[in-house]
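Asker: Take a look at the following structure, please.
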Amino acid sequence: MAGSSTTAGSSTTLITVAPTGAEADKSAAPALPVTLSELVVTAKESEAAGAAVIHVHIRDDAARPTLDVGRLADTVAALREGTGLIVQLSTGGAVTDSFASRLAVLDAAPDACSLTCGTVNFGDDVFANPWPFIKDLYQLTQERRVVPEFELFDLGQVATLHRLLGEFGPPAGGHAHCDLVMGVPGGMPGDVATLAAAVAALPAGASWSATGIGRTTLPVMLGALGAGGHLRVGMEDTTSFARGRPVARNAELVERAATLAGLAQRPPLAPDEARDMLGVSSRH
């Protein structure tokens with residue numbers, strides 16, 4: 001059932017950086033990190049700026065999206081060696097990736113992964129997440145002890161999250177954390193009224209972050225902070241820092257989020273604190 005989230009009175013802010021994504025083109029956004037070395041530099045800068053989680057998509061040698069498990073495993077290892085960030089791999093990949101390839105992402109043994117709770121029109125494409133795939137992925141996260149972040153692109157996906165938890169029990173780590181992805185053409189709009197409706201529908205005890213795509217970045221960020229939620233920022237979600245001004249580096253998006261969190265008197269969580277909050281196992 002729905003109820004108030006655990007973040008209603010939160011005194012700190014979890015900041016996730018999503019630096020690359022599967023859609024943006026390196027030629028159009030030169031600051032986009034597409035090589036492993038670029039990603040590690042971005043991760044270090046973002047951690048110093050206040051991020052606690054990195055949401056990871058990777059690219060091949062031609063900067064095209066890939067779910068190659070060897071590359072994913074190398075990425076996880078490099079990010080763990082170079083930072084203290086929680087490494088969260090995307091299981092969404094690109095809209096063209098197969099369900100089998102998306103399940104195999106967990107073979108790279110990340111700390112956490114995204115788990116999208118429904119199919120959504122994604123611009124001109126369809127991001128497919130049918131119920132059989134959702135439940136297979138969820139049960140695999142439980143088996144592998146990988147902490148899922150439930151990605152919600154629309155209010156109907158909140159109902160699917162309730163169904164998932166009701167049928168299969170709590171996630172690895174014992175705590176449900178969601179990310180409201182807002183402003184995608186075909187998904188829920190990035191405005192405060194929709195944010196409030198989505199938060200009110202979440203499972204009791206769940207924590208949540210919000211992501212505003214493109215020009216909804218700032219309205220969603222400010223609304224989330226005002227409602228006690230957490231934040232995801234990065235070049236996956238916007239390549240513009242302001243009208244007519246491209247993002248120079250992911251860390252400046254994290255810095256802005258951290259500054260706003262500080263103004264809200266909810267400073268950023270450190271990675272170790274975020275692990276405690278999300279139920280992610282400490283590194284050995």
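The values are calculated or read from the model by the stated rules, or taken from the named source; none is laboratory data. Just so we're clear, the structure is a prediction, and the values are computed from it rather than from any experiment. Every residue, glycine among them, receives a Cβ derived from its backbone with ideal geometry; neighbour counts consider all protein chains shown. With ligands, DNA and RNA removed, areas are computed over all heavy atoms of the protein, side chains included. Shrake-Rupley method; radii C 1.70, N 1.55, O 1.52, S 1.80 Å.
Asker: Among 23, 38, 47, which is the only one that is more than 21 Å from residue 225 (Cβ to Cβ) and modelled with pLDDT of 95 or more?
Answerer: Result: 38 is the single residue among 23, 38, 47 that is more than 21 Å from residue 225 (Cβ to Cβ) and modelled with pLDDT of 95 or more.
Asker: Let me ask something additional. Could you please tell me which pairs satisfy a Cβ distance under 7 Å, a separation of 6+ or placement on different chains, a first residue in segment 56-75 that is in contact (Cβ under 8 Å) with a residue 12 or more places away in the chain, and a second residue that is open to solvent by 50 Å² or more (accessible area, probe 1.4 Å) and assigned to a helix (DSSP H, G or I)?
Answerer: Note: pairs meeting the criteria are 58/71; 69/107; 74/36; 75/36.
Asker: Can you name the condition, by its number, that residue 138 falls short on among (1) more than 18 Å from the chain's Cα centre (by Cα); (2) assigned to a helix (DSSP H, G or I); (3) free of Cβ contacts under 8 Å to residues at least 40 places away in the same chain?
Answerer: Only one criterion is unmet by residue 138, namely (1).
Asker: Let me ask something additional. Of everything in segment 98-132 that's modelled with pLDDT under 95 and in a loop (DSSP other than H, G, I, E, B), which residue is least open to solvent (accessible area, probe 1.4 Å)?
Answerer: Among residues in segment 98-132 that are modelled with pLDDT under 95 and in a loop (DSSP other than H, G, I, E, B), the one least open to solvent (accessible area, probe 1.4 Å) is 123.
Asker: Further, regarding this structure: Restricting attention to segment 210-220, and to residues there that are open to solvent by 10 Å² or more (accessible area, probe 1.4 Å) and hydrophobic (A, V, I, L, M, F, W, C), which single residue is nearest to residue 116 (Cα to Cα)?
Answerer: In this case the residue turns out to be 213.
Asker: Now, a different point. Quick one: count up the residues across segment 57-78 that are assigned to a helix (DSSP H, G or I) and either among the aliphatic types (A, V, I, L, M) or farther than 21 Å from residue 278 by Cβ (or both).
Answerer: 9
Asker: Still on this structure, please answer the following. Please tell me if residue 155 is surrounded by fewer than 17 Cβ atoms within 10 Å (Cβ to Cβ) and at negative phi.
Answerer: yes
Asker: Next question. Which of the residues spanning segment 174-204 are assigned to a loop (DSSP other than H, G, I, E, B), open to solvent by less than 30 Å² (accessible area, probe 1.4 Å) and touching a Gly at 6+ places or on another chain (Cβ under 9 Å)?
Answerer: 176, 183, 184, 190, 202, listed by residue number.
Asker: Within segment 228-251, which residues are surrounded by fewer than 16 Cβ atoms within 10 Å (Cβ to Cβ), touching a residue at least 60 places away in the same chain (Cβ under 8 Å) and in a strand (DSSP E or B)?
Answerer: 246
Asker: Then there is this: Is it fair to say residue 148 is free of Cβ contacts under 8 Å to residues at least 24 places away in the same chain and closer than 20 Å to residue 103 by Cα?
Answerer: Taking the combined requirement at face value, the residue does not satisfy it.
Asker: Another question about this same structure. Please go through segment 154-183 and pick out each residue that is touching a Ser or Thr at 6+ places or on another chain (Cβ under 9 Å) and within 27 Å of residue 22 (Cα to Cα).
Answerer: Matches in segment 154-183: 155, 157, 171, 172, 176, 177, 178, 179, 180, 181, 182, 183.
Asker: Among the candidates 277, 235, 182, 188, single out the residue that is over 14 Å from the mean Cα position of the chain (by Cα) and under 30 Å from residue 128 (Cβ atoms).
Answerer: Just a single option satisfies the conditions, and that option is 188.
Asker: Here is a further query. For the structure I just gave you, tell me whether residue 54 is under 23 Å from residue 279 (Cβ atoms), in contact with a Gly (Cβ under 6 Å, 6 or more places away or on another chain), among the hydrophobic types (A, V, I, L, M, F, W, C) and open to solvent by less than 10 Å² (accessible area, probe 1.4 Å).
Answerer: Numbers: under 23 Å from residue 279 (Cβ atoms): yes; in contact with a Gly (Cβ under 6 Å, 6 or more places away or on another chain): no; among the hydrophobic types (A, V, I, L, M, F, W, C): yes; open to solvent by less than 10 Å² (accessible area, probe 1.4 Å): yes.
Against the criterion (under 23 Å from residue 279 (Cβ atoms), in contact with a Gly (Cβ under 6 Å, 6 or more places away or on another chain), among the hydrophobic types (A, V, I, L, M, F, W, C) and open to solvent by less than 10 Å² (accessible area, probe 1.4 Å)), residue 54 does not qualify.
Asker: Would you mind stating whether residue 112 is of a type in the set (Gly, Ala, Ser), within 27 Å of residue 74 (Cα to Cα) and within 17 Å of the chain's Cα centre (by Cα)?
Answerer: Yes; evaluated as a whole, the condition is true for this residue.
Asker: List pairs: first in segment 111-128 and without any contact (Cβ under 8 Å) to a residue 12 or more places away in the chain, second not in a loop (DSSP other than H, G, I, E, B), Cβ under 7 Å, 6+ apart or cross-chain?
Answerer: If the second residue must be not in a loop (DSSP other than H, G, I, E, B), the pairs left are 119/126; 119/127.
Asker: Go through segment 79-96 and count every residue that is more than 18 Å from the chain's Cα centre (by Cα) and assigned to a loop (DSSP other than H, G, I, E, B).
Answerer: 1
Asker: Oh, and also: Out of all the residues in segment 69-91, is one or more closer than 24 Å to residue 240 by Cα and either modelled with pLDDT under 95 or touching a Pro at 6+ places or on another chain (Cβ under 9 Å) (or both)?
Answerer: Yes, the conditions are met somewhere in segment 69-91.
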